[in-house]
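The values are calculated or read from the model by the stated rules, or taken from the named source; none is laboratory data. Because the structure is predicted, anything quoted here is derived from the model rather than measured. No Cβ is skipped: glycine too gets one built from the backbone with ideal geometry, and neighbour counts run over all protein chains shown.
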Amino acid sequence: MKVLLVIDSLNFGGAENVLVTLAAEAPRVGLELEVLSLAPPTGAKATWLPRLEAAGLPVRFLGLERLLQPGGVPRLAREIRRSGCDVVHAHLEDASTLAPLAGRLARRPVLCTLHHVPGPLSGREAVREQLAVAVGSRSAGLLFVSKGSYDGFAAKYPRSLAPARWSVLHNGVDVQRFRPLQVGATRELPAEFGIPADARVAALVGHMRPGKGQEEAIRAWPDVVAEHPDARLLLIGNGPLEEELRQLARSLGVQSHVVFAGARDDVQVLLPRVTLAVLPTHSEALPTALLEASACGVPTVATAVGGVPEVVVDGETGWLFPRPSPDLVVEAMRQALGDPEELARRGAAARSRAERLFSSAGWAEALAARYAAVASGRPVARPEGIGAAGRPAGAGEVTG
C-alpha cells in the first residue's frame with residue numbers, strides 16, 4: 001500500500017521524527033511511503049530533510065507560503081493524484097486542514113494526526129487550530145498521539161468531537177535502537193562534555209523554546225548540586241533560548257554543572273549512559289524524548305501534564321510532579337538520586353513498559369491497519385477497550 005505523508009514543514013519537531021521512525025518499519029508492514037511538505041524547502045522549514053532522505057524517504061515540497069494561499073488545495077490535489085497513493089496521512093494543523101479538502105478532489109481517503117495538546121491561542125493561531133479540528137474531524141479519521149491530547153481537544157471543541165472518527169494512537173520508539181547498555185559496556189559520555197565518569201547525570205532532550213522545561217531545570221540545579229555535588233544537567237538540543245539559558249546557568253553559578261550538548265544525532269548512544277531523564281515541561285502531547293529514555297531503561301523526573309503520565313507512571317517508572325516548578329524538580333531529584341536501588345528498579349520497569357506498549361513495530365502495525373481500514377472505507381475508531389495494536393487496553397493503551 002502506498003501512503004503519501006503530508007506535513008506542514010520539515011522543521012525540528014516530534015511529528016517530523018515520527019516519519020523517520022515509520023520509514024524504518026514500513027517495508028516490514030507492507031507500506032511504501034512518500035513525503036510531501038506543504039512549505040518551501042528553505043531555512044528552518046527544511047531542517048529535517050537530510051534525516052528523511054537518509055531514512056530513504058522520497059521528499060517533495062509544495063511550496064505554500066501560507067495556509068489559505070490561493071490555488072493551494074487544487075495544487076495539493078494534483079500532487080496527491082501524481083503520487084499514485086492509496087491513502088493520504090496528514091500531520092499537523094495545516095496539513096489536516098488542506099489535505100482532506102484536496103483528497104476529495106483527488107478521490108483519495110485522508111487520515112489526519114494532531115501532535116499537540118491544545119492551549120490558549122489567539123489571532124491566526126487560534127483560527128489555524130479551529131480549522132484543523134473542524135476539517136480533520138470530517139476526514140476519514142482524526143488521530144491523537146495521546147489520551148491527554150484527545151481529551152484536551154474534546155473539551156475545547158465539543159462540537160467537532162466525532163467518536164466514530166476520533167481515536168488515540170500512541171507513537172512508537174525503536175526499542176532495538178534505543179535500549180539499555182549491554183553488560184560490561186562503558187558508561188562514559190563523550191569526552192567533549194567534560195563530565196566525570198562517576199557523575200550522576202540528568203538529561204533533558206528537547207528544542208530550547210519557551211515552556212519546554214530547560215529554565216526550570218537550570219533554576220533547580222543549585223539546590224540539586226548542594227546535595228549532590230557531582231550532579232550534572234545535560235541539555236541536548238538547541239533553539240532560540242539557548243543563549244538566554246546559558247546566561248541563566250552563569251548567573252546561578254552552576255555553569256560548570258550544566259552541559260550544553262547542542263543538537264545531536266547520537267541520542268541513542270547518550271541516553272543509556274545517563275542516570276535519569278528530566279522534563280519539567282509546561283505542555284506535552286506525547287514526549288518522544290521520554291519514550292526514548294524509557295526504552296533505554298532510564299527513569300524519568302517530569303511534569304504530569306498532557307500525555308506524560310501515559311509514558312511515565314509515577315512510582316513505577318519515574319517521579320512525576322503536578323506543575324513545572326523548580327522546587328518540585330528539586331524534591332523529585334532528591335528522591336531519585338537518594339535511592340540508587342529505586343532508580344535501577346524504575347529504570348528496568350520503564351524498559352519493560354516501553355517494549356510492551358510503545359515499540360515502533362507494534363505502532364507501525366496498528367497504523368498499517370488503520371490505513372487498510374481507511375482505504376476500504378471502514379471506520380478507524382475502534383470500540384472502547386481495544387489497545388493500540390488491537391489488544392485489550394492496559395495502562396498506556398487507550399482509545400478515544
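List of remarks:
- Restricting attention to the stretch 221-232, the residues that are under 13 Å from Q255 (Cα atoms) and not in a loop (DSSP other than H, G, I, E, B) total 4.
- A count restricted to the stretch 115-134 and to residues that are touching a Leu at 6+ places or on another chain (Cβ under 7 Å) and not in a helix (DSSP H, G or I) stands at 1.
- When the stretch 195-214 is filtered for residues that are closer than 20 Å to P322 by Cβ and assigned to a strand (DSSP E or B), the ones remaining, listed by number, are A202, L204.
- Of the helices (runs of 4 or more DSSP H) that lie entirely inside the stretch 238-297, those containing 3 or more residues that are free of Cβ contacts under 8 Å to residues at least 40 places away in the same chain span 242-251.
- Per the listing G253, G315, G307, the residue uniquely over 21 Å from V224 (Cα atoms) and either at pLDDT 95 or above or crowded, with 19+ Cβ neighbours inside 10 Å (or both) is G307.
- Yes/no for E53 being among the charged types (D, E, K, R) and closer than 23 Å to A372 by Cβ: no
- Where helices (runs of 4 or more DSSP H) sit wholly within the stretch 35-107, those with at least 1 residues that are at pLDDT 95 or above occupy 72-83, 93-106.
- Tally of residues being among the charged types (D, E, K, R) and within 24 Å of Q130 (Cβ to Cβ) across the stretch 28-82: 4
- Count of residues meeting criterion [touching an Asp or Glu at 6+ places or on another chain (Cβ under 9 Å), more than 27 Å from S360 (Cβ to Cβ) and part of a loop (DSSP other than H, G, I, E, B)] in the stretch 135-194: 1
- Single match in G362, G387, G394, G400 (criterion: under 14 Å from L169 (Cα atoms), of a type in the set (G, A, S) and modelled with pLDDT of 95 or more): G362
- Any pair with Cβ under 9 angstrom, 6 or more apart, that starts in the stretch 187-216 at a residue that is without any contact (Cβ under 8 Å) to a residue 60 or more places away in the chain and more than 17 Å from A263 (Cα to Cα) and ends at one that is of a type in the set (D, E, K, R) and not in a strand (DSSP E or B): P196/D230; A197/R187; A197/E188; D198/R187; D198/D230; A199/D230; E215/E244
- For the stretch 152-166, a residue qualifies if it is more than 15 Å from A381 (Cβ to Cβ) and either crowded, with 18+ Cβ neighbours inside 10 Å or aromatic (F, W, Y) (or both), and the qualifying residues are G152, Y157.
- Residue under evaluation I218, criteria (1) surrounded by fewer than 23 Cβ atoms within 10 Å (Cβ to Cβ); (2) over 20 Å from the mean Cα position of the chain (by Cα); (3) under 30 Å from G306 (Cβ atoms), criterion not met: (1)
Residues checked against (1) of a type in the set (S, T, N, Q); (2) out of contact with any Pro (no Cβ under 7 Å at 6 or more places or on another chain); (3) within 16 Å of V3 (Cβ to Cβ); (4) not assigned by TED's automatic domain parsing to the domain that holds E365:
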site: G30; (1), (2), (3), (4): no, yes, yes, no
site: A39; (1), (2), (3), (4): no, yes, no, no
site: T42; (1), (2), (3), (4): yes, yes, no, no
site: K45; (1), (2), (3), (4): no, yes, no, no
site: L49; (1), (2), (3), (4): no, no, no, no
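- Qualifying residue in the stretch 171-188 (condition: surrounded by fewer than 13 Cβ atoms within 10 Å (Cβ to Cβ) and either under 17 Å from the mean Cα position of the chain (by Cα) or among the β-branched types (V, I, T) (or both)): yes
- Failed condition for A372, given (1) in contact with a Pro (Cβ under 9 Å, 6 or more places away or on another chain); (2) closer than 30 Å to V20 by Cβ; (3) surrounded by fewer than 17 Cβ atoms within 10 Å (Cβ to Cβ): (1)
- T97 closer than 19 Å to H115 by Cα, among the β-branched types (V, I, T) and touching a strand residue (DSSP E or B) at 6+ places or on another chain (Cβ under 9 Å): yes
- For G338: the one exception among (1) assigned by TED's automatic domain parsing to the domain that holds D86; (2) modelled with pLDDT under 95: (1)
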